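Contents: one structure, followed by commentary.
The values are calculated or read from the model by the stated rules, or taken from the named source; none is laboratory data. Fair warning: this is a prediction, and the values are worked out from it, not measured in the lab. Here the Cβ positions follow ideal geometry from the backbone for every residue, glycine too, while neighbour counts run over all protein chains shown.
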Amino acid sequence: MKPAVMVSIGLLLAACAGTAEHQTPLPYLPREAPPPPGTVGIALTAGYVGRLLVERGCVKLDGGRRRTTMLWTPGTTIGRDARGLFLRESHAGGVVRFGAKIHIGGGELPEQFVARAYPEVVQRCGGPYAQGWISD
């Protein structure tokens, strides 16, 4: 094999090895469907305090007494950087980190509603359920 080909293969292998950490799939982030055109979404206004965690591959909020599957408002995204997992609210740019104590807005959602409107969330994550939006 020519030296140039061997160097190229070595560089490609090194590049792949360096990005293995970022190839881990992100957890499932349950999100509410956007409101129909011409309407405004509803944001429930109860307050929640807890820590974000991943359970059964889903993002949940651990409030101490129970873990809740939050359905995040449209515009909420999940990401990973050198410090770990985080959620970002795209409109105002608020960021909350997994494992840190956070304060968010939202409100409880009936299981029957979630089962009818978001069957994938019920199957993948389980309840209890609440709406969530980043308020920090």
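V54 meets the conditions (1) of a type in the set (A, V, I, L, M, F, W, C); (2) within 23 Å of Q23 (Cβ to Cβ); (3) out of contact with any Pro (no Cβ under 7 Å at 6 or more places or on another chain) in every case but one. The failed one is (3). Yes or no: P74 without any contact (Cβ under 8 Å) to a residue 24 or more places away in the chain and not acidic (D, E)? Criteria not met by P74. Criterion first (closer than 28 Å to Q23 by Cβ, modelled with pLDDT under 95 and touching a Leu at 6+ places or on another chain (Cβ under 8 Å)) does V95 satisfy it? So V95 passes the test. Filter the stretch 35-71 for residues that are without any contact (Cβ under 8 Å) to a residue 24 or more places away in the chain and among the aliphatic types (A, V, I, L, M); which is farthest from P25 (Cα to Cα)? Only one residue fits best here, namely V40.
Is it the case, given these coordinates, that A130 is among the small types (G, A, S) and under 24 Å from P25 (Cβ atoms)? It would help to see each step written out before you state the result.
Values: among the small types (G, A, S): yes; under 24 Å from P25 (Cβ atoms): no.
So A130 fails the test.
The residues of the stretch 20-67 that are among the acidic types (D, E) and under 15 Å from Q131 (Cβ atoms) amount to a single one, E32.
Listed conditions (1) part of a strand (DSSP E or B); (2) in contact with a helix residue (DSSP H, G or I) (Cβ under 8 Å, 6 or more places away or on another chain); (3) crowded, with 16+ Cβ neighbours inside 10 Å are all met by V114, apart from (1).
One residue is enough: does the stretch 97-115 have a residue meeting the conditions within 14 Å of the chain's Cα centre (by Cα) and either aromatic (F, W, Y) or within 17 Å of A33 (Cα to Cα) (or both)? Yes: the stretch 97-115 contains one or more residues that are within 14 Å of the chain's Cα centre (by Cα) and either aromatic (F, W, Y) or within 17 Å of A33 (Cα to Cα) (or both). Among residues of the stretch 14-46 being closer than 15 Å to T68 by Cα and either loosely packed, with under 11 Cβ neighbours inside 10 Å or aliphatic (A, V, I, L, M) (or both), the one that is modelled with the highest pLDDT is L29. One residue stands out in the stretch 55-96 among those that are touching a helix residue (DSSP H, G or I) at 6+ places or on another chain (Cβ under 8 Å) and among the hydrophobic types (A, V, I, L, M, F, W, C): the one that is nearest to P35 (Cα to Cα), namely L71.
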